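Here is the structure we will look at, set down as structure tokens.
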Amino acid sequence: MRIHHLNCGSVRTIEATYDGPPAAPAVNHCLLVETPADGLVLVETGLGLGDVRDPAGTLGADWVAMAEPALKEEETAVRQVARLGYRPDDVRHVIVTHLDVDHCGGLPDFPGARVHLLAAELEAALAEAPSYRYRPAHWAHGPDWVTYTPEANDDWFGFASIKPDGLPEDIRLVPLGGHTAGHTGVAVREGDRWLLHCGDAYYYHRELQPDPHPHPLMDVVQTRSEVHHDLRLGTQARLRELVRDHGDQVSVFSAHDPWELAAAVAG
């Protein structure tokens, strides 16, 4: 499988907390996976065309004021798919870690795709929307939802995992609780290694160091948006263990860290 790392929505500029990398806009890190038999799989959608054209109406004025999105049409997933030579309907599957506005804003741009997510996340979004985090404009087109409930089996480096329906074993949902009611990571095998897209399980690469250092600005965002504080911190502790014990087999990254995206694109 060929995997493309995409930024589907730059937002406000942040600085690193140590000397080295320059300040950069936070990102919406998405994956476009070319599978041998199941078409294109988009992991996360970032911001979509509707968000660029009517940000207050789809994203909400409060979220726009907080995130300061760049709102560039060329950054939307659908435009990046086209630049790679594909059509929107070539994206047959979308997997979202959760339904916060910046993770599913591009769903309307791929109306024919099956959308895979945890059942608890869809239930929470439909119950709470419209809200700061969940905006019904992103699913008003009636997506083909495919939902899953985690089972008590540890079969992916000590984490429970789920194979999405209609997709190969090399793509797995890996529930990572605490940020939202049904937050999940997404694991994709790339050659002899795995990539783990952690969504918003953490926000900043230094949070996974043995002596973790949250980002002062991004930590405010993740703390305010968490639904279960202890579960979120427990998830981060398990991710640190994963990096410590299996870092030679798994590359871990989050949704919004621009320096992680830069490293992934550089290879």
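The values are calculated or read from the model by the stated rules, or taken from the named source; none is laboratory data. Only a predicted model underlies this, so the values are computations on that prediction, with no experimental measurement involved. Positions of Cβ are generated from backbone atoms using ideal geometry, with glycine treated the same way; all protein chains shown enter the neighbour counts. Heads up: the accessible areas ignore ligands, DNA and RNA and are worked out on the full protein's heavy atoms, side chains in. Shrake-Rupley method; radii C 1.70, N 1.55, O 1.52, S 1.80 Å.
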Within the stretch 230-250, residues touching a strand residue (DSSP E or B) at 6+ places or on another chain (Cβ under 8 Å) and either buried (at least 17 other Cβ atoms within 10 Å of the Cβ) or part of a helix (DSSP H, G or I) (or both) come out as Arg238, Leu239, Leu242, Val243, Val250
Expected single match for at pLDDT 95 or above and over 15 Å from Gly199 (Cβ atoms) among Ala125, Ala82, Ala152, Ala120 is Ala82
| Does Pro69 satisfy the criteria of being touching a Ser or Thr at 6+ places or on another chain (Cβ under 9 Å) and either without any contact (Cβ under 8 Å) to a residue 24 or more places away in the chain or over 16 Å from Leu42 (Cβ atoms) (or both)? | yes
Could you tell me whether any residue of the stretch 142-157 is under 17 Å from the mean Cα position of the chain (by Cα), closer than 16 Å to His103 by Cα and open to solvent by less than 20 Å² (accessible area, probe 1.4 Å)?
no
Of Val265, Val227, the only residue that is of a type in the set (Val, Ile, Thr), open to solvent by 60 Å² or more (accessible area, probe 1.4 Å), farther than 21 Å from Ala181 by Cβ and out of contact with any helix residue (DSSP H, G or I) (no Cβ under 7 Å at 6 or more places or on another chain) is Val265
Restricted to the stretch 102-141 and to residues being without any contact (Cβ under 8 Å) to a residue 24 or more places away in the chain and in a helix (DSSP H, G or I), the residue least open to solvent (accessible area, probe 1.4 Å) is Pro136
Within the stretch 167-186, of all residues that are more than 16 Å from the chain's Cα centre (by Cα) and surrounded by 13 or more Cβ atoms within 10 Å (Cβ to Cβ), the one nearest to Ile95 (Cα to Cα) is Leu167
In the stretch 251-263, anything over 19 Å from His103 (Cα atoms) and in contact with a strand residue (DSSP E or B) (Cβ under 6 Å, 6 or more places away or on another chain) is listed as Ser251
- [ ] Tell me, please, whether a residue that is in contact (Cβ under 8 Å) with a residue 12 or more places away in the chain, closer than 28 Å to Ser131 by Cα and part of a helix (DSSP H, G or I) can be found in the stretch 91-101.
- [x] yes
Return yes when Gly182 is among the small types (Gly, Ala, Ser) and modelled with pLDDT of 95 or more and no when it is not. yes
Restricting attention to the stretch 128-149, the residues that are among the aliphatic types (A, V, I, L, M) and closer than 28 Å to Trp194 by Cβ number exactly 1
Asp200 meets each of (1) within 20 Å of Ala23 (Cβ to Cβ); (2) surrounded by 14 or more Cβ atoms within 10 Å (Cβ to Cβ) with one exception, condition (1)
